[in-house]
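Down below is the structure, laid out as structure tokens.
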Amino acid sequence: MIAVAINGYGTIGRRVADAVALQDDMKIVGVVKTRPSYEAKIAIDNGYPLYSNNAENMKTFRDAGLKVEGTLDDLLKKADIVIDCTPGKMGAKNKALYQSHKVKAIFQGGEKADVAEASFSALGNYASCVGKDYVRVVSCNTTALCRTLSAVDKKYGAAKVRVTLIRRGADPQDVDNGPINAIVLDPATVPSHHGPDVNTIFPNMNIMTTAVVVPTTLMHLHTIIVELRDHATTQEIKDIFRATPRVMIFKAKDGIDSTATVMEYAREAGRKRSDLNEIAVWDESINVIGKELFYVQAVHQESDVVPENVDCIRAMMGTIKEARETIKKTDEALGLKKWW
Ligand code: NAD
């Protein structure tokens, strides 16, 4: 059993903890919170040992009547690997502590690439992360781009990729961020950081990205144009997306013509927290004209990186060497779309 610690029990940390708990080869040895919020209470209800980020904050948990097992420092003594799910850029500050405990660490996409020895995408570069001590699971947008582009690139070759990212303003519970009534260039410069981030997984891919942020909390949306090296038909591209793990095809003609209805599908399908770990690609948007492939995809930012975190644990621990093997194991445990 791989002993997994979760540092930061927010949007990503909560989901990764639940996904790890569903696997038969790993277990949660503790989750770290900074204060006795409702999430801390739920962590205890879920059976996760609760730890404070430092000794000072332990008292606030005890004053609130919450059982706290110790500090992050204590937890790291029990862990084979820690998944750092603290807010962006905080992981880099935590790294020295992980190193001092000789504990392997997974960082998230809010960290700079150089926080780790490698960036990770299960379908993109699994083998190159096997046995590593410090790895960063790329962001929700980059994970989504790597999933669909790796499928296209492997079969037909992606000579040139151009992407417009329409990003959600904030996660649903995040009342402090916007915009409320604007489309914000984020960043105004081209490329946005997403293209270079894809290059941390596919160093030779010719990709340019532009990004704007809009007033929505549900999902990101990408419009993608790929210049193919080899000829493909529209139907062949639809077939490879259907056979790709963690990619789901939706049809506007079935009534799923927006991010709102994709999320409604996840609710109706009984997915935990209404999450959609898969990337949603619209059937009608897939179109090959000459050498150019067009498609539109949506990304549930709160959950698409979750299965990748589970796979990344097995890669770093060296327990499974083949990407397809861990992807199948993770997806079966999470009840995701059957692609195998
Ligand atoms: P979040 O704010 O929802 O959660 C972060 C959690 O860490 C909170 O519970 C916070 O209380 C806790 N925390 C703060 N300081 C801490 C400390 N010193 N020690 C321990 N815990 C601490 O953030 P998130 O959205 O889960 O993002 C976490 C990481 O995942 C970031 O790198 C982010 O860029 C990345 N990410 C986020 C999303 C997304 O859409 N939310 C998607 C993919 C990747």
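Is it fair to say ALA64 is touching a strand residue (DSSP E or B) at 6+ places or on another chain (Cβ under 9 Å) and small (Gly, Ala, Ser)?
Against the criterion (touching a strand residue (DSSP E or B) at 6+ places or on another chain (Cβ under 9 Å) and small (Gly, Ala, Ser)), ALA64 does not qualify.
Out of all the residues in the stretch 66-84, which are closer than 26 Å to LYS132 by Cβ and surrounded by fewer than 18 Cβ atoms within 10 Å (Cβ to Cβ)?
Scanning the stretch 66-84 gives ASP73, ASP74, LYS77, LYS78, ASP80.
So if I check each of GLY169, GLY178, which one is surrounded by fewer than 19 Cβ atoms within 10 Å (Cβ to Cβ) and at pLDDT below 95?
GLY178
Evaluate the following for LYS238: is it modelled with pLDDT under 95 and among the basic types (Lys, Arg)?
no
Is it true that some residue in the stretch 273-287 is of a type in the set (Asp, Glu), modelled with pLDDT of 95 or more and within 28 Å of TYR9 (Cβ to Cβ)?
Yes - at least one qualifying residue is present in the stretch 273-287.
Just the residues that are within 13 Å of the ligand (Cβ to nearest atom) and either under 17 Å from the mean Cα position of the chain (by Cα) or of a type in the set (Gly, Ala, Ser) (or both), please, taken from the stretch 19-54.
GLY30, SER37, ALA40, ALA43, SER52
Tell me, please, whether a residue that is more than 17 Å from LEU293 (Cα to Cα), more than 12 Å from the chain's Cα centre (by Cα) and of a type in the set (Val, Ile, Thr) can be found in the stretch 145-152.
Checking the stretch 145-152: not a single residue is more than 17 Å from LEU293 (Cα to Cα), more than 12 Å from the chain's Cα centre (by Cα) and of a type in the set (Val, Ile, Thr).
Mind telling me which of the residues VAL175, VAL184 ends up being within 15 Å of the ligand (Cβ to nearest atom), aliphatic (A, V, I, L, M) and more than 21 Å from the chain's Cα centre (by Cα)?
VAL175
Would you mind telling me which numbered condition in (1) more than 17 Å from ASN54 (Cα to Cα); (2) out of contact with any Ser or Thr (no Cβ under 8 Å at 6 or more places or on another chain); (3) within 11 Å of the ligand (Cβ to nearest atom); (4) not hydrophobic (A, V, I, L, M, F, W, C) ASP80 fails?
Every listed condition holds for ASP80 apart from (3).
Name the single residue, out of those in the stretch 299-319 being among the hydrophobic types (A, V, I, L, M, F, W, C) and surrounded by 20 or more Cβ atoms within 10 Å (Cβ to Cβ), that is nearest to the ligand (Cβ to nearest atom).
Among them, the one singled out is VAL305.
The values are calculated or read from the model by the stated rules, or taken from the named source; none is laboratory data. Not measured: the values here are computed from a predicted model. A quick note on method: Cβ atoms are made from the backbone with ideal geometry, for glycine too, and the neighbour counts reach across all protein chains shown.
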